[in-house]
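Structure first, commentary second.
What follows is calculated from the coordinates using simple rules that are stated; it is not laboratory data. What you see is a predicted model; the values in this text were computed from it and never measured. With ideal geometry, Cβ positions are generated from the backbone for all residues, glycine too; neighbour counts draw on all protein chains shown.
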Amino acid sequence: MTDGGERPAPGEPRAAAGDDGPASDAAAAVRDALVDRLARYDRLLEIGVGRRTDVAGALAAAGKDVTAMDVHERQVPEGVAFVREDVVAASRRPDPGPAAGVDAVYALNLPAELQAPTATLARRVGADCLFTTLGFEEPAVPVRRESVGDETLYVAER
């Protein structure tokens, strides 16, 4: 429930950047900052898009070539291609599949167990690998940290 505006009613959890629910001003600012940072790339692959499609949608709306990948079938915004694929399997195959030709592979709230396969896939195609974590986990791969709004964006070492 909301109080009639964009913000949840008192006591209700606020949505994180990219969630489908009502977002706080801070979450929207983080989303916008992530989009601004990722917009320097022309072709992007989002790993594990889930139901948080607003970053991919905003990038596509800005004229970027965006493909969203997830192990489950997902609805994505207009202008975003979708492929049902497992990043672990994709990182092990000789054919890079949807990662072929991308400039950046990115993920939001990427769990530790998927960080190495995501970074491996990005390295194989010569793309940058950028991600945020679940918040309570440290990165499981060597990274450089960037502040993007109130979020920490991790850039995996090549």
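Here are the numbers for this structure:
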quantity: Most mobile listed residue (Asp128, Asp70, Asp95) in the chain, GNM with C-alpha springs under 10 Å; calculated: Asp95
quantity: Intensity falloff of segment 41-156 expressed as log10 I(q)/I(0), Debye formula with alpha-carbon point scatterers, at q = 0.11, 0.12, 0.20, 0.24 Å⁻¹; calculated: -0.30, -0.37, -1.09, -1.54
quantity: Cα-based helix-to-principal-axis angle, 25-38 vs the chain, degrees rounded to 10; calculated: 20
quantity: Three principal axis lengths of segment 92-158 [C-alpha, angstrom, descending]; calculated: 35, 21, 17
quantity: Residue list for segment 71-110, given a label point 7 angstrom along the Cα-to-Cβ vector of Arg51 and an amide N cut-off under 12 Å; calculated: 75
quantity: Mean separation of Cα contacts under 8 Å (6+ apart) over length of segment 41-156, as relative contact order %; calculated: 22
quantity: Degrees separating the helix 112-124 axis from the principal Cα axis of the chain, which is the longest one; calculated: 50
quantity: Local net charge near Ala100, Cβ-Cβ under 10 Å (Lys/Arg +1, Asp/Glu -1); calculated: +1
